[in-house]
Structure formats: C-alpha cells, structure tokens
Amino acid sequence: MSQSIEAAKRRAAETAAELIRPNMRLGLGTGSTAKHFVDCVGERVRAGLQVICVPTSEATRAQAESLGIPLTTLDETPILDLTVDGADEFDPALRLIKGGGGALLREKIVASASRRMVVITDSSKEVAVLGRFPLPIEVVAFGLAATHQQVTVLGESLGCRGDITLRKTAAGHVFVTDGGHYIFDCAFGAIPDPETLAQGLVAIPGVVEHGLFLGLASAVLVADTAGVRIIGDPHTDRSI
C-alpha cells in the first residue's frame, strides 16, 4: 500500500481521535484504517486519557492490549458513546459496505450498540452506488450450498447478479471468522436497493449477518491529499 494512502488514513484517524472525550466508552474498529485510530487511542492513553474500549475483533483486541488500552465487553458495557471504524465502501447517504477484513458481525454489533459511529477512510472508498466492492455475507457452515442458492435467487430478484464465492485464505483454506463462521463474497456490482437486499438477506436462515451497514454511520471522515473532508455530522448521536 502506498505511503500516501497510509498517510491519508492516519490523518483521518487523527481527526477522529479529536472526538474522544475523557471517560468515553469507545468501540474500536478493525482493518488497516481503524488500526491507525487504535494507535491514536493508545498514544492518548499513555498521555493520561481515561477511556474504556470494546474491540471489534481478536486482532484489534491484541493491538489494543499491546498498547495498554483498557478494554471491556458489551456484556459489561452494553451502550457505547462512539465507535470509530473503517469501511470498504461508502455512498453519499452514508451507507456502507464492510467486512473485507472478515469482522463484519462483531463490527455491526458494536456499531449498533454505539450512540455514534464515525467512519474513517480514504477517498478511494467513495462510490456513487454501493457494490463496486464485493458484498461480504457471513454464513454458517451447515447447509452452505442451500444458503448459496437462496442468496443467489434473492440477489437476482433485485438485479444483483454476479459470482458468489466462498472466501479462502492465502493458503487456500476456508476463511473462518472470529465467530466460527464462513463468508460469501458477492460480486454483485451496483446494488440498486441496498435496504431491500439487506432485509432479504437477514430472512435467509443460513445467513448470520451481511456487510451492508445502513443507518449506522453519523459521519464519514474522508482523507486525501488535500486534507480530511467530513460528510455528515460526527457530533450527532443516534437513538439506541
């Protein structure tokens, strides 16, 4: 990844870190951009900031622990003040596709438990219509072929046609999420109606969760060579 993209991600993370207040309950996202934010939180904790955080993956947990960031769980802290996470794609309505790193289930649980979700990203993730990035769908292993068929039929009924592939690791093994599930990556192309697709996916019994994050993001902080552009209001809470 180019140094300019990494520098842009760091700028977005630093801007998001300015939203942190003492004693906040924070959700820590997963992925290459969110990793920069976790680094920023670690720096502030070392400087004396008091916060408590919920990680969205085992990888983020390990990073946070290595930085001395105090951690909790949603069982102990069921409502969070702010979650900062990345996205694989976002549109002008702040609808997201997430799950490229495989943590979409925990990411969505944490985001849904947060009064605010702020997304940090670079300008390459901005699209007019969702679907350029393959949509991840987390599924159970049992009945995999049947689930695949139902996802295919649903997608086609909504104008979403494309290869639906089972995610594999670089070594060729089936990718397994932190929750012990598999992931379908759906190369649907443009998704005409994300809301209806989302509703249909959750009605399929073998689907655990999907990577359409709708109505969750308060703002997207987009970094490019010119600086950080803010879409939405990073100070507005949702009702939860």
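Which ones in region 103-147 are under 24 Å from ARG11 (Cα atoms), of a type outside the set (Lys, Arg) and outside any helix (DSSP H, G or I)?
Selection gives ALA103, SER114, MET117, VAL118, VAL119, ILE120, THR121, ASP122, GLU126, VAL127, ALA128, PHE133.
Against the condition surrounded by 24 or more Cβ atoms within 10 Å (Cβ to Cβ) and either over 11 Å from ALA217 (Cα atoms) or among the small types (Gly, Ala, Ser) (or both), how does GLU126 come out, does it pass? If you could, list the steps in order and put the result at the bottom.
Numbers: surrounded by 24 or more Cβ atoms within 10 Å (Cβ to Cβ): no; either over 11 Å from ALA217 (Cα atoms) or among the small types (Gly, Ala, Ser) (or both): yes.
Here the answer is no, as GLU126 does not meet what is asked.
Answer with yes or no whether CYS160 is farther than 30 Å from ALA13 by Cα and buried (at least 21 other Cβ atoms within 10 Å of the Cβ).
Spelling it out, CYS160 is indeed farther than 30 Å from ALA13 by Cα and buried (at least 21 other Cβ atoms within 10 Å of the Cβ).
Could you grab me the full set of residues in region 199-237 that are among the β-branched types (Val, Ile, Thr) and under 30 Å from LEU144 (Cα atoms)?
VAL202, ILE204, VAL207, VAL208
Could you say whether any residue in region 187-207 is among the β-branched types (Val, Ile, Thr), in contact with a Cys (Cβ under 9 Å, 6 or more places away or on another chain), without any contact (Cβ under 8 Å) to a residue 40 or more places away in the chain and loosely packed, with under 15 Cβ neighbours inside 10 Å?
No: region 187-207 contains no residue that is among the β-branched types (Val, Ile, Thr), in contact with a Cys (Cβ under 9 Å, 6 or more places away or on another chain), without any contact (Cβ under 8 Å) to a residue 40 or more places away in the chain and loosely packed, with under 15 Cβ neighbours inside 10 Å.
Of everything in region 177-222, what is under 24 Å from ALA34 (Cα atoms), touching a Ser or Thr at 6+ places or on another chain (Cβ under 7 Å) and small (Gly, Ala, Ser)? Give them in sequence order.
Result: SER218, single match.
Inspect region 159-170 for any residue being among the small types (Gly, Ala, Ser), modelled with pLDDT of 95 or more and touching a helix residue (DSSP H, G or I) at 6+ places or on another chain (Cβ under 6 Å) and give the result as yes or no.
No, region 159-170 contains no residue that is among the small types (Gly, Ala, Ser), modelled with pLDDT of 95 or more and touching a helix residue (DSSP H, G or I) at 6+ places or on another chain (Cβ under 6 Å).
Name the residues in region 89-128 that are in contact with a helix residue (DSSP H, G or I) (Cβ under 8 Å, 6 or more places away or on another chain) and of a type outside the set (Gly, Ala, Ser), would you?
Answer for region 89-128, where residues must be in contact with a helix residue (DSSP H, G or I) (Cβ under 8 Å, 6 or more places away or on another chain) and of a type outside the set (Gly, Ala, Ser): GLU89, PHE90, ARG95, LYS98, MET117, VAL118, ILE120, THR121, ASP122.
The values are calculated or read from the model by the stated rules, or taken from the named source; none is laboratory data. This structure is a prediction, so every number in the text was calculated from the model and none was measured. Because the Cβ atoms are built from the backbone with ideal geometry, glycine has one as well, and the counts that use them run over all protein chains shown.
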